[in-house]
Every structure is written in structure tokens, then in C-alpha cells.
1. Do we find that Glu87 is open to solvent by 60 Å² or more (accessible area, probe 1.4 Å), part of a helix (DSSP H, G or I) and out of contact with any Lys or Arg (no Cβ under 8 Å at 6 or more places or on another chain) in this structure?
2. Find all pairs meeting these conditions: Cβ atoms under 7 angstrom apart; at least six residues apart or on different chains; first residue within the range 4-29 and within 17 Å of Leu51 (Cα to Cα) and open to solvent by less than 10 Å² (accessible area, probe 1.4 Å); second residue among the aromatic types (Phe, Trp, Tyr) and at pLDDT 95 or above.
3. Could you run through the range 250-263 and say how many residues are buried (at least 21 other Cβ atoms within 10 Å of the Cβ) and either closer than 21 Å to Val159 by Cα or hydroxyl-bearing (Ser, Thr, Tyr) (or both)?
4. Only one residue in Glu59, Glu64 is assigned to a loop (DSSP other than H, G, I, E, B) and among the acidic types (Asp, Glu), so which one is that?
5. What's the total number of residues in the range 200-235 that are open to solvent by 40 Å² or more (accessible area, probe 1.4 Å), touching a strand residue (DSSP E or B) at 6+ places or on another chain (Cβ under 7 Å) and either in a helix (DSSP H, G or I) or under 23 Å from Gly121 (Cα atoms) (or both)?
6. If we keep just the residues of the range 266-280 that are open to solvent by 10 Å² or more (accessible area, probe 1.4 Å) and not in a strand (DSSP E or B), which is nearest to ligand 1 (Cβ to nearest atom)?
7. Which numbered condition in (1) within 16 Å of ligand 1 (Cβ to nearest atom); (2) out of contact with any strand residue (DSSP E or B) (no Cβ under 6 Å at 6 or more places or on another chain); (3) within 24 Å of Gly261 (Cα to Cα); (4) open to solvent by less than 80 Å² (accessible area, probe 1.4 Å) is the only one that Tyr50 fails?
8. Among the residues of the range 131-173, which ones are touching a Gly at 6+ places or on another chain (Cβ under 8 Å) and assigned to a strand (DSSP E or B)?
Amino acid sequence: MAQTHKIAVIPGDGTGPEVVREGVKVLQAAAARFGFKLDLIEFDYGGDRYLATGEVLPENASKELSAFDAIYLGAIGHPDVKPGILEKGILLKLRFELDQYINLRPVRLYPGVETVLKDKGPEQIDYVVVRENTGGIYTGTGGISMKGTPNEIAVQSMVYSRFQVERCLRYAFEYARAHGKKSRGKGDENTLGLVGKTNVLTHVFDLWERAFHEIGAESYPDVRREYYHVDATCMWMVKSPEWFDVLVTSNMFGDIITDLGAITQGGMGIAAGGNINPEGVSMFEPIGGSAPKYTGQNVINPLAAICAGGMMLESLGESEAAAAIDTAVTEVTATKLKSLAVGKMGFSTTEVGDMVAEGLS
Ligand code: IPM
Ligand code: MN
């Protein structure tokens with residue numbers, strides 16, 4: 001009997017529903033071709049629901065979602081809702097409550113896609129960032145005292161436990177071992193680079209660095225270890241992205257460097273990511289926002305959502321289908337799209353989805 005994957009779909013705000021529609025189209029084409037089934041259940045979480053009901057997320061949302069095999073998310077962020085409410089109340093809340101402690105973000109330039117980096121192509125821009133996803137500054141530990149007075153103080157601490165650091169590093173080492181450059185036939189070694197700031201954040205990154213070398217030496221001697229300061233990493237991501245293989249870093253640094261990475265791979269139209277709980281339910285999303293000004297115009301690029309769908313299938317064990325989506329996306333970027341930019345693709349959102357889906361049939 002064909003295997004059925006139970007997927008929770010959260011189209012979300014702005015252009016989220018449009019890109020998710022194309023992503024689902026491609027997922028269904030992959031299911032038909034590779035002989036599995038998708039049981040898709042939609043959830044209306046997002047700005048419109050909040051404005052209508054006053055509730056950001058129902059109390060049992062995480063519990064309900066944890067019964068699924070995976071979650072497929074469009075975008076969260078509504079122009080009529082104060083920044084922070086939906087991001088914290090939906091996206092971050094789900095990441096935390098579902099303990100999706102890894103944010104996996106490939107930085108990969110597809111053939112035919114223009115990059116802002118001079119003289120760089122798909123051979124040079126091809127690495128992966130493993131971002132710690134449930135700790136650090138994002139936990140919001142801290143507060144404001146004497147608010148509104150000249151003596152006001154605001155504290156937001158970067159807090160990491162050995163447990164959090166260790167499980168993230170282990171995931172990253174495993175990932176580097178399985179998918180690093182050597183394993184992909186693109187180099188002599190699999191390398192994991194720790195991105196930190198040991199010269200200033202001497203407590204937190206001391207913990208990260210010690211754990212990194214201890215775990216690496218003991219359990220992953222076959223994976224080469226590198227350490228990079230985060231500021232220098234930004235420089236090299238622009239100047240010499242080919243140096244990188246798999247990077248692992250804290251939540252905040254990972255957030256920042258993956259936007260830089262995304263622009264080097266052609267922008268938010270193609271950057272996909274997975275919020276992963278290796279022992280639980282994971283959530284896949286295009287990493288760009290809800291782009292509200294383009295809502296309903298059928299002009300936004302759905303490739304990021306489509307690639308996120310591919311990552312989701314990979315995590316569900318449908319590796320062949322995931323690889324086929326990747327090939328179909330490559331075909332579209334290499335031979336069809338004029339550009340990835342909104343309004344310059346030469347095709348509508350729907351047409352891009354159709355082309356990728358056709359490539360799968
Ligand atoms: C991302 C986003 C989120 C983050 C925001 C929307 C909370 O920027 O997924 O990178 O900071 O993690
Ligand atoms: Mn971000």
C-alpha cells in the first residue's frame with residue numbers, strides 16, 4: 001500500500017497562500033510520480049485570523065500539530081498587526097513548543113540564477129547553515145526596568161545550556177558527515193565550521209567552542225573542524241563563499257548570516273529552510289516574509305516554497321522525490337526564468353508552479 005504522509009499546511013499571511021498553493025501542486029505531482037500519498041489539512045493561523053478573533057494561536061495548536069508528520073508553512077506577518085505579535089506568537093512559538101531546535105538553511109545558487117556576487121556561480125555558492133533554533137537571545141531572557149526614565153535599563157541575554165549546544169552540534173556533525181562536500185563528491189573532506197564570536201562573547205562561545213572540539217574529536221574525527229568569527233564569516237560569504245561547506249551557529253547569528261546567504265543565492269524568492277526537530281515534527285518554510293504588497297497579484301516567486309516542500313519530502317524519507325523536485329527547479333531556473341525577482345520572472349506565480357510540476361510528470 002502506498003505510504004501516506006500527514007501534513008499540516010499553514011498558508012499564513014500575504015503571499016503565503018499563493019506560494020503554498022504552488023508548493024502543494026508540486027508536492028502532489030511528486031506524490032503521483034513516486035507513489036506516495038499526502039493527507040493535507042489546512043490551518044488558518046495568521047494575521048487575518050488574529051484580527052478576526054483576537055487569538056494569535058489556539059492553546060492546543062502545538063499539540064494538534066504534533067500529531068502530523070510535518071508542517072508546511074507559507075509566511076507569517078500582516079501589515080495591520082504590530083510587528084512581533086504574529087512572529088513571536090506563531091512562528092517562534094511553534095518552533096519553541098515543537099522543540100524544532102535546528103534551522104537548516106541551504107545557501108545554494110541554482111544554475112541560471114543571477115547573483116550579486118561578482119564572478120561567482122553555482123560551483124562557488126553551495127553550502128549549508130545549521131542554525132540553532134530554540135535558544136540564545138531568542139528566548140527573551142531579560143527585561144526592562146525603570147521604563148520611561150533616563151535610567152531605563154533593557155537586558156536581553158544570550159543564554160545557552162550545554163545540552164542545547166551539544167544537541168545542535170551533534171546534528172551539525174551528522175549533517176556534515178552525510179552531506180558535506182566529500183559526501184557529495186565535491187571535495188576531499190567534509191568540513192563543519194563553527195561560527196561564533198569567541199573574542200568578545202567569551203562565555204557563550206567558549207561553551208560552544210569547547211563542546212565543538214570535544215564532540216568533534218570524540219565522535220566525528222572524520223569531519224574537519226574550522227572556527228570562524230561571525231563578522232569575518234560575513235566578509236567571506238561575499239568574497240569566498242566556496243570556502244564553506246557546513247556551518248553551525250547560534251540562533252541570532254544564524255538569523256543574520258542566512259539573510260546574507262539568501263541574497264547571494266538570488267534572494268528570498270529561492271531561499272528555503274526547515275525548522276527541524278529530529279525526534280519530532282518539523283516545519284518547512286520559504287525564509288522570506290509575507291510580502292503583503294504583492295498579495296493576490298500572482299507575481300511572487302514560489303520557488304522558495306517549492307524548495308521547502310522538497311526539503312520536507314527529504315525529511316519524510318522521500319529522497320527520490322526530493323531530488324526530482326530539485327532537478328525540476330534547476331531545469332526551470334536554468335532554462336525558463338528570466339530572473340527570480342518579483343515582476344521580472346517572465347511568468348506568473350502559477351506558471352512557475354506549473355513548470356516545476358510538469359518537470360515531475
Ligand atoms: C527567520 C525570521 C524570523 C527569525 C522572524 C520572523 C521571527 O527572520 O525565520 O529568519 O528571526 O527567526
Ligand atoms: Mn530571519
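The values are calculated or read from the model by the stated rules, or taken from the named source; none is laboratory data. Predicted model only: the values in this text are computed from it and were never measured. Because the Cβ atoms are built from the backbone with ideal geometry, glycine has one as well, and the counts that use them run over all protein chains shown. We work out accessible area using only protein heavy atoms, side chains counted, and drop any ligands, DNA or RNA first. Shrake-Rupley method; radii C 1.70, N 1.55, O 1.52, S 1.80 Å.
1. Working: open to solvent by 60 Å² or more (accessible area, probe 1.4 Å): yes; part of a helix (DSSP H, G or I): yes; out of contact with any Lys or Arg (no Cβ under 8 Å at 6 or more places or on another chain): yes.
The answer is yes for Glu87.
2. Within 7 Å, the pairs are Ile10/Phe43; Ile10/Tyr45.
3. Initial filter on the range 250-263 (buried (at least 21 other Cβ atoms within 10 Å of the Cβ)): 250-251, 253-254, 257-258, 261-262.
Restricting the remaining residues to those that are either closer than 21 Å to Val159 by Cα or hydroxyl-bearing (Ser, Thr, Tyr) (or both) gives 250-251, 253-254, 257-258.
Residues in the range 250-263 being buried (at least 21 other Cβ atoms within 10 Å of the Cβ) and either closer than 21 Å to Val159 by Cα or hydroxyl-bearing (Ser, Thr, Tyr) (or both): 6 in total.
4. Matching residue, one of Glu59, Glu64: Glu59.
5. 2
6. Looking at residues that are open to solvent by 10 Å² or more (accessible area, probe 1.4 Å) and not in a strand (DSSP E or B), I get Met268.
7. Tyr50 satisfies all of (1) within 16 Å of ligand 1 (Cβ to nearest atom); (2) out of contact with any strand residue (DSSP E or B) (no Cβ under 6 Å at 6 or more places or on another chain); (3) within 24 Å of Gly261 (Cα to Cα); (4) open to solvent by less than 80 Å² (accessible area, probe 1.4 Å) except (3).
8. Those that are touching a Gly at 6+ places or on another chain (Cβ under 8 Å) and assigned to a strand (DSSP E or B): Arg131, Glu132, Ala154, Val155, Gln156.
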